[in-house]
Amino acid sequence: MSAPKKLFIKTYGCQMNVYDSERMAEALGGEGYVETKSADDADMILLNTCHIREKAAEKVYSELGRFKGLKAEKPDLKIGVAGCVAQAEGEEIMRRQPLVDLVVGPQSYHRLPEMEAKAREGEKVLDTDFPEEDKFEKLKSRPKAKRGPTAFLTVQEGCDKFCAFCVVPYTRGAEVSRPADRILREAQELVERGVREITLLGQNVNAYHGAGANGDLTLAQLIWELDKIDGLERIRFTTSHPNDMQDDLIEAHGTCAKLMPYLHLPVQAGSDKILKRMNRSHTAESYIRLIERIRAARPDILISGDFIVGFPEETEEDFQATMDLVEEVKYGTAYSFKYSTRPGTPAAERAQVDPAAADDRLQRLQALLGRQQREVQESMVGREVSVLFEKTGRLPGQMVGKSDYLHAVHVADCPREIGELAKVRIVSSGPNSLAGELLR
Ligand code: 5AD
Ligand code: SF4
């Protein structure tokens, strides 16, 4: 038998890319590849790229340039570009970087084995189609190896919202939901392999409307189906759009014990003028009312968000409205970005904000969000939370896991296994994690 070929995948960007990289590794596993952690001994290198913000494409080109020596040493080495940069600029990549053998867009991963075979024959292969079939169904996984206690599961992909700053509707395509039975089967399989927490993924996950036996299911209905799986202890989902936050999903946060008290609900900005120009189709007020309803269903829920500062035509007053909204909502954690022009999106054509002003706003926003994050973490001290252990800690006898609220928790003197859930009392709050003690 010949030695297995080695595959090195480097993943950029969001959790969906992490999930996709796992699926690509499985698909190529069927072709005799095993994963390696080093590009140096790889027979195939795949960059799974992200196009959401700043200089993504440039990063890919400079990363590719670094493989030049490697390819000169190993002429059989195949180099591929996957993900959203591949989708957005596939042909350009092929033209600009002759090292690249293969370009595959996010909707074509199930065709990777064929593409790999062609690349081995010396062909240059590019596939950035948006085919009709369910790629995940075609991406049959290998023998059921044991895996860690947490997993991502893509349930919905693409987006029809067309926020004026965002490339996702162009790179991931129109919104599509996977049928419920396939998701449930995959979830069952994950649980059989040791998974106890599943995070449902979608660019617009709460717009989920996958086919079920009696018509389409909402995300909440899908969650209730997952709730029935024995051995599955925790369910999360990300990322949601405020306009798709339906009543049954809000209610589930109050009634479904497996649904964790954490919600990532990006608002992007607090000024109605800017929200309108972003094509967000909600207002600051409607978002705040929505948060109130969610908190009425689940008072302790931790809210997380995304923000963009320096969107075209944002004034200091508009920015203040974002700060006011943050003060009002109080976020447990948040991601904030300076607006970056994405060619081909509507906002790219508009008058840009002075970069120094945008930098200054980002600093002020991040200071406020950081303060809120610390306050929320500190409010956990003295409370009992459940922790799902994911790994051993750096200190002897220490275990590290995540609380219901997705805080990392370190527990000293902890005779528990990875994959176990335990009740823990939080004793202190550090910069990026909490410390707790096991309740016996
Ligand atoms: N510039 C800055 N941030 C962006 N995001 C999306 N597109 C852009 C852009 N052009 C942010 C949004 C989104 C998150 C995933 O990335 O806040 O919610
Ligand atoms: Fe992009 Fe999200 Fe807006 Fe869709 S809803 S366009 S993914 S920011």
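The values are calculated or read from the model by the stated rules, or taken from the named source; none is laboratory data. The model shown is predicted, which means the values in this text are computed figures rather than measured ones. Virtual Cβ from ideal backbone geometry, glycine too; neighbours counted across all protein chains shown. Ligands, DNA and RNA are stripped out before the accessible areas are found, and what is left, the full protein with its side chains, is counted by its heavy atoms. Shrake-Rupley method; radii C 1.70, N 1.55, O 1.52, S 1.80 Å.
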For the chain, treating each Cα as an identical point scatterer without solvent, what Debye log10 I(q)/I(0) comes out at q = 0.05 1/Å?
-0.19
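Whole number please: convex hull volume per residue of the Cα set in region 5-135, in Å³?
Numbers: hull volume 12.8 nm³, N = 131.
Normalising the Cα hull of region 5-135 by residue number yields 98 Å³.
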Under the helix-only model (-39500 (n - 2.57) for each DSSP H run of 4 or more, divided by the residues of the chain), the mean residue ellipticity at 222 nm, to 500 deg cm²/dmol, is -10500 deg cm²/dmol
What percent do you get for the relative contact order of the chain when only Cα pairs under 8 Å and 6+ apart count?
10 percent
Partners for residue 273 among lysines (Cα-Cα distance below 28 Å; same-chain residues under 8 apart left out)
55, 161, 330, 338
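Calculate how many DSSP beta bridges within region 202-348 are antiparallel, expressed in % of all such bridges and rounded to the nearest 5.
Here the share of antiparallel DSSP bridges comes out near 15 percent.
Between residue 384 and residue 417, what FRET efficiency comes out of the Förster formula 1/(1 + (r/R0)^6) with R0 = 25 Å and r the beta carbon distance, rounded to 0.05?
0.75
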Segments 175-181, 227-233, 244-250 sorted - mean Cβ within 10 Å per residue, highest first:
175-181, 244-250, 227-233
Taking R0 as 25 Å and r as the Cβ-Cβ distance between residue 10 and residue 364, the FRET efficiency 1/(1 + (r/R0)^6), rounded to the nearest 0.05, comes to 0.15
Work out the FRET efficiency for residue 62 and residue 214 from their Cβ-Cβ distance, taking R0 = 60 Å, and round it to the nearest 0.05.
0.70
Ignoring ligands, DNA and RNA, please state the percent of accessible area on region 5-135 from carbon and sulfur, probe 1.4 Å.
47 percent
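Would you work out the charge dipole size for the chain about its Cα centre, treating the Cβ of every Lys and Arg as +1 and the Cβ of every Asp and Glu as -1, and quote it to the nearest 20 debye? Don't jump to the answer; show the numbers that get you there.
Working: 61 positive and 70 negative charges, 224 e Å.
In total the dipole reaches around 1080 debye.
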Please give the per residue accessible area of region 146-379, computed with a probe of 1.4 Å over protein heavy atoms only, in Å².
40 Å²
How big is the charge dipole of region 26-104 about its Cα centre, in debye rounded to the nearest 20, if each Lys and Arg gets +1 on its Cβ and each Asp and Glu gets -1 on its Cβ?
340 debye
For region 384-438: accessible area per residue (Å², 1.4 Å):
50 Å²
Give the aspartates and glutamates reachable from residue 5 as a straight Cα distance under 14 Å; neighbours fewer than 8 places away on the same chain don't count.
26, 31, 35, 40, 41, 43, 76, 116
